[in-house]
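Take a look at the structure set out below.
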Amino acid sequence: MTTWQRSLTAAGVREAQLRNDYAHARRLVSRFRRSSYLAARLLLPPSVLPHVVAATAVMHHGDNLLDTGPKPQRIAAWASWEQRVRKALETGVADDPLIRTLLHTVAAHPQLRGAVEEYLSTAGAELEFSGFVSEADYQAYVDAYSLPGFMLIAVLLCPEDVDGRYRATCRTLIDGSQRLDFVNDLAEDLAEGRPGIPAQTLARFSVTEADLVAGHEPPGMRPLVEHEVSAARTALEAARDLPTQVSAPGRALLNAFVEIELLTADAALARGAALLHGSASPPLLDTLRVLRNARRTARNARR
């Protein structure tokens, strides 16, 4: 029996078709979020891993529907998916493997149901995203899209009752992570016509979207990157308290996530204006060190 098969058994996934469904979710996550999957496999206990994989797969599939193709196609695809998930939650029956894994995980972790319903109600905000005018627009996006998506995973790592402090710290974390993504992925977002740095923030540094699309590096570009990375770091460092708010199985994973995001922030800051030409990645050896230390912590917690 493989490690994954043992994890399925530990998570209460015993029926053959359902085990195949979870394997489908695992393939999806490992293909498109391989580093996240490897970290989860290293750091989560077997009884939790399949459920986190299932929730991540549902979130990733939703992201694909919301982001892929012309807007009318995206609207129709998301509406169909949302309807199917809602119907499955009501009836307990589904004909889609990802939705079947979701139903089983919701049954095992009832607190996930509210997070799924919130995500379904707010994720359509991504369909309207074409960039931000103001910081307030960005913060509204975090509330409507980034945070509900993150809570699909976060509720599986916390005690059954998600209190206000935990949700607030999750929001702080995802604010820092999302802001970091937007500055680090600036080149990709510009190519798609959807920069994630608000227009008013660009203007404060005398930077225009037209300059950035043209590949120019205006004098304000470096200070702009420093400003955005500094704001992201402030939020990420404030979220270092989050691992202490979850049950033992989730602490190592959340701690590693925060530390790797901080390493990414350092790499983005070092890259500076060159982010116009591609994203920065955290140093491999430092990332491995974080994972090694987190793995040691996770093992000690299970003893």
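The values are calculated or read from the model by the stated rules, or taken from the named source; none is laboratory data. On a predicted model such as this, the values are computed, not experimentally measured, just so you know. Here the Cβ is made from the backbone with ideal geometry for all residues, glycine too, and neighbour counts use every protein chain on show. Only protein heavy atoms, including side chains, enter the accessible area calculation; ligands, DNA and RNA are left aside. Shrake-Rupley method; radii C 1.70, N 1.55, O 1.52, S 1.80 Å.
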Have a look at 273, 203 and point out the one that is open to solvent by 50 Å² or more (accessible area, probe 1.4 Å), more than 24 Å from residue 52 (Cβ to Cβ), out of contact with any Ser or Thr (no Cβ under 8 Å at 6 or more places or on another chain) and of a type in the set (A, V, I, L, M, F, W, C). 203
Among (1) under 30 Å from residue 11 (Cβ atoms); (2) hydrophobic (A, V, I, L, M, F, W, C); (3) outside any helix (DSSP H, G or I), where does residue 170 come up short? (3)
Name the single residue, out of those in region 1-25 being open to solvent by 70 Å² or more (accessible area, probe 1.4 Å) and among the basic types (Lys, Arg), that is farthest from the chain's Cα centre (by Cα). 14
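Inspect all residues belonging to region 206-219 and state whether any of them is crowded, with 19+ Cβ neighbours inside 10 Å, without any contact (Cβ under 8 Å) to a residue 24 or more places away in the chain and over 24 Å from the mean Cα position of the chain (by Cα). Please lay out each step first, then the result.
At the first step, the residues of region 206-219 found to be crowded, with 19+ Cβ neighbours inside 10 Å are 207, 212.
Now narrow it down to the ones that are without any contact (Cβ under 8 Å) to a residue 24 or more places away in the chain: 207.
Restricting the remaining residues to those that are over 24 Å from the mean Cα position of the chain (by Cα) gives 207.
Yes: one or more hits.
Output the residue which, of all residues in region 144-203 that are farther than 30 Å from residue 250 by Cα and hydrophobic (A, V, I, L, M, F, W, C), is modelled with the lowest pLDDT.
Step one: of region 144-203, the residues farther than 30 Å from residue 250 by Cα are 186-195, 197-203.
Now drop any that are not hydrophobic (A, V, I, L, M, F, W, C), which leaves 186-187, 190-191, 197, 199, 202-203.
Numbers: 186: 95, 187: 93, 190: 92, 191: 89, 197: 97, 199: 95, 202: 96, 203: 96.
Ranking the candidates gives 191 first.
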Evaluate region 24-40: report whether one residue or more is modelled with pLDDT of 95 or more and aliphatic (A, V, I, L, M). yes
How many residues does region 284-300 contain that are of a type outside the set (Val, Ile, Thr) and surrounded by 13 or more Cβ atoms within 10 Å (Cβ to Cβ)? 7
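Take residues that are within 17 Å of residue 52 (Cα to Cα) and tell me which of the helices (runs of 4 or more DSSP H) falling wholly in region 93-159 contain 2 or more.
Values: elements: 97-108, 111-122, 135-141, 147-157.
The qualifying helices (runs of 4 or more DSSP H) are 97-108, 111-122, 147-157.
Here's a check for you: in region 117-139, which residue that is under 18 Å from the mean Cα position of the chain (by Cα) and under 18 Å from residue 183 (Cβ atoms) is least open to solvent (accessible area, probe 1.4 Å)? Walk me through how you get there before you give the answer.
Going residue by residue through region 117-139, those that are under 18 Å from the mean Cα position of the chain (by Cα) are 117-127, 129, 138-139.
Next, from what is left, pick out any that are under 18 Å from residue 183 (Cβ atoms): 129, 138-139.
Values: 129: 20, 138: 3, 139: 46 Å².
Step by step, filter region 117-139, then rank; the result is 138.
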